[in-house]
Amino acid sequence: METKENDNPPGFLWQNFSFKVISFSIIIGVISGLAAFIFMYGLEYTSALMQGHVMGVHHPHPSGEEITFASLNKPDAQKLTIGWVDFKFSILFLLVPAIGGLISGILVYRYAPEAEGHGIDALINAFHNKKGDIDTKVPFIKTIASIITMGTGGSGGREGPIALIGGGFGSWLGRICKLSTRERRHFLVAGAAGGIGAIFKAPLGGAISSIEILYKEDFETDALVHCVVSSVTAFCVFNFIYLQVTGDASPTIFNIGDLKFETNHLIYYLILAVLCAFIGKIYVQIFTGIRLNIFKKLNIPNHIKPMIGGLLIGIIAMWMPQTFGTGMGYLQDAINYDTSNIPQLLPVIKFAVVLMFLKMLTVSITIGSGGSGGVFGPTLFIGGFGGFAFGCLLYYLFPESHAALPPIGAFVILGMASLFSAVANAPLGALVMASEMTGGYSLLAPLMLVTIISGIYTKRFSIYSNQVEDKFHSPAHLGDISFDILKNIILRDVIEPMENVGTIPSSTTLAEIRNIISEGKYPFPLAVKSPQGELWGMLTMGDIREALFDDELSQLIIVEDLMTPLVVCELEDDLQSILVKFKKHHYGRLPVISSENKNEVIGYIAFEQIMGAYENELIRLKTME
Amino acid sequence: MTILNPEQIIDLQGGTKDEILHELVSLASQDSNVTNEQELLAAILERESEATTGIGYGIAVPHAKISSVLDTVVVLGRSKNPVSFNSLDEQPVSIFALIAVNNKMQKEYIRVLAKIAQFLKQEVNRENILAATNTSDVANLVKNIF
């Protein structure tokens, strides 16, 4: 009798810890780190040239980013920080983002339409629906289009493009090395993790976010090892080049000084988390509304749309130029903001709230119109300024209790993480990213709290439209899920009692077999019994067919001559192991034996019954949801 | 596919079913495709115990399919003195064809069995085999069976 199949549980973490995984992940990490630096360098240069030099807008930079190209700024460039500026009409504010949008639109829609919008969604789509494949030209087009879009003032983040660039390389490497679809998917995610981990100086956050953003309520744990190795490698490569070029070895993007968590601050953080969930809901509605209800419905060629988007953000920027570009430097200003000047706080609160909503608009217009950029960076920006406005409000309302309030930087950091958790359904990635980007590990406890709370409130919506609920809903895991379902069904619960359980003696002649077939008493295959009464083999119609009508053989051939190896099932077998037997032996049905007497057939299980049980279980599970 | 050569044809000396089967297996085992003589003998005897392969007309076709036979092996034997073989028509047997194949060669097994049975059931073929002066002549008679 055949022994039971020994299947390892799929998805066990250390199953993935092989030489191939490590070596491929390192290669992907090296390329992702290198690509992240080239992308950042190109973006900073283009931003300084087009915004600082041409438009005369000088944005601040985070403390940990030294590639500023400050020399390119106009001598009379408007040095911006947190605070209102006078409305200033400038034809350049209209022309530069519009031309940038047009070039980006032509590039994307002519050469790589998949590079449209924010790269993370394209990556998620490639993972779930395209077997981990990204067209080779997409990363290159995405890099150039994103640098042009954001460099000319388009509102977006760096993570989307770099995730697609890294992911695109991982996918390409998987293709040329003829890796399986499953491996290609993992290396696609590993590439994204490398890009994100490097550009945000957040190796663990990049790895965790990459496996978390694929689902609303799940993780791609099978790719964790790939992502960690790739992300750490990319982080090291990026930092090494960064140090060589800038002389800066800052381990984090933001400098937050010495922030401490105190238990009595928790109540403020809880309120902030709920507030961020509310802001997140509005943000996602604006984002999807502008994309689907305005730009998708606009009856003009697609490559023109980013130009219109550029015009609109130019108009908004005349009123509030802080909405241009990635805006990471303003978060640093918010973290360092001096809250001691009470009368000044009210206009700053109004400014922060307006900036927050205008940033929602500009990022929605930029990405929704088809411009290239990510949404993670702007989400941090919006969340950070939400937290900043809330913190400033508390300082304004309770001028006598400043010592009891958390530092303003803590509100900014928690706002960043809380909003990202809310809109991306990625609480763990959000808290780790926020900790690594700021070095604010002392805030881990409140970060956990706010990301979970805001995440719970916003489970029903996501800024990533291609995100699926969980592995159960992903085509990438269809095979695993089918197997998991079958593994949980026991044959005893499926098999129906049979009245005529047939077996056939091994000495039955071909002539007698003909009679059995003509009587139609038993379907085939049948289990064969030896003269000693033991189960011995299987007799299928395929075995008989060759000899059936040969009169010369009618007495010469008996069942023993025709039978094939015995395969049986037991009542306690799960349907997964039985399906494996069907696949391996190609029998239409298999005998089921009694656990007390291994030579007694108590029924047969047909392949169709397995499929029927699977379908019934699927219906049952869907009804339970 | 093994073709019947004079070396695979034997004038049998045994006087009983058991002796005849031993002689045939011994000859078949000289073929390099038979890797275990005892296993083949056991399989042939076991098959005979299931049902006789003496199909009447003075012929018997003992056969077995086992893993220790690598490719099809056929040997032919004739006996001057017909031997009792528990045949279906209860007549003694004078022509024997032993067939051994690998257990995965089901189609080949049926094809060879059918060809031999078809050939030997023709009276003229049986008479020619028995009348042939030596095994080379028998080989000539059966060379087109397959």
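What to note about this one:
- Residues in the stretch B:84-95 that are of a type outside the set (A, V, I, L, M, F, W, C), in contact with a Lys or Arg (Cβ under 9 Å, 6 or more places away or on another chain) and within 14 Å of chain A (Cβ to nearest Cβ): 1 in all.
- Some residue of the stretch A:519-528 being more than 12 Å from chain B (Cβ to nearest Cβ), more than 48 Å from the chain's Cα centre (by Cα) and in a helix (DSSP H, G or I): yes
- Within the stretch A:180-208, the set of residues being more than 18 Å from A:ASP222 (Cβ to Cβ) and either in contact with a Lys or Arg (Cβ under 6 Å, 6 or more places away or on another chain) or not in a helix (DSSP H, G or I) (or both) comprises A:ILE199, A:PHE200, A:LYS201, A:ALA202.
- Taken together, A:ILE619, A:ILE605, A:ILE557 contain a single residue that is surrounded by 20 or more Cβ atoms within 10 Å (Cβ to Cβ) and away from chain B (no Cβ under 14 Å), which is A:ILE605.
- Qualifying residue in the stretch A:565-582 (condition: free of Cβ contacts under 8 Å to residues at least 60 places away in the same chain and among the polar types (S, T, N, Q)): no
- Here B:ASN81 fits the description: under 26 Å from B:ALA131 (Cβ atoms), more than 14 Å from every other protein chain (Cβ to nearest Cβ), touching a Gly at 6+ places or on another chain (Cβ under 9 Å) and at pLDDT below 95.
- Residue ID - farthest from the other protein chains (Cβ to nearest Cβ), chosen from residues in the stretch A:529-544 that are in a loop (DSSP other than H, G, I, E, B) and not small (Gly, Ala, Ser): A:GLU534
- Checklist (1) more than 21 Å from A:LEU510 (Cα to Cα); (2) at pLDDT 85 or above; (3) surrounded by fewer than 17 Cβ atoms within 10 Å (Cβ to Cβ); (4) not hydrophobic (A, V, I, L, M, F, W, C) applied to A:PRO565, failing item: (1)
- The residue that is farthest from B:SER87 (Cα to Cα), among those in the stretch B:42-51 that are facing another protein chain (nearest Cβ under 9 Å) and crowded, with 20+ Cβ neighbours inside 10 Å, is B:ARG47.
- Selection from the stretch A:494-523 of residues that are farther than 21 Å from B:GLU50 by Cα, touching a residue at least 12 places away in the same chain (Cβ under 8 Å) and out of contact with any Lys or Arg (no Cβ under 8 Å at 6 or more places or on another chain): A:VAL494, A:ILE495, A:GLU496, A:PRO497, A:MET498, A:VAL501, A:ILE517, A:LYS521, A:TYR522
- Residue match in the stretch A:398-417 (condition: surrounded by 17 or more Cβ atoms within 10 Å (Cβ to Cβ) and more than 30 Å from A:THR81 (Cβ to Cβ)): no
- As a summary of the residue check, B:LYS121 satisfies the conditions (1) in contact with a Gly (Cβ under 9 Å, 6 or more places away or on another chain); (2) within 13 Å of chain A (Cβ to nearest Cβ); (3) within 20 Å of B:SER26 (Cβ to Cβ) except for the one numbered (3).
- Scanning the stretch A:292-333 for residues that are of a type in the set (Lys, Arg) and surrounded by 20 or more Cβ atoms within 10 Å (Cβ to Cβ) turns up just one, A:LYS305.
- Matching entry among A:SER401, A:SER364 (being over 13 Å from A:GLY415 (Cβ atoms), in a helix (DSSP H, G or I), free of Cβ contacts under 8 Å to residues at least 12 places away in the same chain and in the same structural domain as A:LEU43 (by TED's automatic domain parsing)): A:SER401
- For the stretch B:15-50, filtering for residues that are farther than 30 Å from A:THR508 by Cβ, in contact (Cβ under 8 Å) with a residue 40 or more places away in the chain and not acidic (Asp, Glu) leaves 2.
- Residue match in the stretch A:484-494 (condition: of a type in the set (Val, Ile, Thr), outside any strand (DSSP E or B), under 20 Å from A:GLY588 (Cα atoms) and away from chain B (no Cβ under 14 Å)): yes
- Meets criteria (surrounded by fewer than 23 Cβ atoms within 10 Å (Cβ to Cβ), within 30 Å of A:GLY132 (Cβ to Cβ) and in contact with a helix residue (DSSP H, G or I) (Cβ under 6 Å, 6 or more places away or on another chain)) for A:PHE420: no
Listed here are the residues, each with its yes/no results for (1) of a type in the set (A, V, I, L, M, F, W, C); (2) within 15 Å of B:ALA117 (Cβ to Cβ); (3) in contact with a His (Cβ under 6 Å, 6 or more places away or on another chain).
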{"position": "B:GLY15", "(1), (2), (3)": "no, no, no"}
{"position": "B:ILE20", "(1), (2), (3)": "yes, no, no"}
{"position": "B:SER26", "(1), (2), (3)": "no, no, no"}
{"position": "B:GLU39", "(1), (2), (3)": "no, no, no"}
{"position": "B:THR53", "(1), (2), (3)": "no, yes, no"}
{"position": "B:SER67", "(1), (2), (3)": "no, no, no"}
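- Note on the stretch A:560-576: residues that are more than 9 Å from chain B (Cβ to nearest Cβ) and either under 17 Å from B:ALA51 (Cα atoms) or basic (Lys, Arg) (or both) amount to 1.
- Residue in the stretch A:220-241 that is within 30 Å of A:ASP470 (Cα to Cα), assigned to a loop (DSSP other than H, G, I, E, B) and either touching a helix residue (DSSP H, G or I) at 6+ places or on another chain (Cβ under 7 Å) or acidic (Asp, Glu) (or both) present: yes
- All conditions in (1) in contact with a strand residue (DSSP E or B) (Cβ under 9 Å, 6 or more places away or on another chain); (2) part of a loop (DSSP other than H, G, I, E, B); (3) within 7 Å of chain B (Cβ to nearest Cβ) hold for A:ALA547, with the sole exception of (1).
- Checking A:ILE267 against (1) hydrophobic (A, V, I, L, M, F, W, C); (2) touching a helix residue (DSSP H, G or I) at 6+ places or on another chain (Cβ under 9 Å); (3) in a helix (DSSP H, G or I), the condition it does not meet: (2)
- Number of positions in the stretch B:102-118 that are of a type in the set (A, V, I, L, M, F, W, C) and more than 10 Å from every other protein chain (Cβ to nearest Cβ): 2
- Some residue of the stretch A:50-71 being in a helix (DSSP H, G or I), over 20 Å from A:ILE313 (Cβ atoms) and in the same structural domain as A:LEU179 (by TED's automatic domain parsing): yes
- For the stretch B:118-133, a tally of residues being closer than 15 Å to B:VAL61 by Cα and assigned to a loop (DSSP other than H, G, I, E, B) returns 2.
The values are calculated or read from the model by the stated rules, or taken from the named source; none is laboratory data. Predicted model, so just to flag it, every value in this text is computed and none were measured. When we count neighbours, we look across all protein chains shown, and the Cβ atoms used for this are built from the backbone with ideal geometry, even at glycine.
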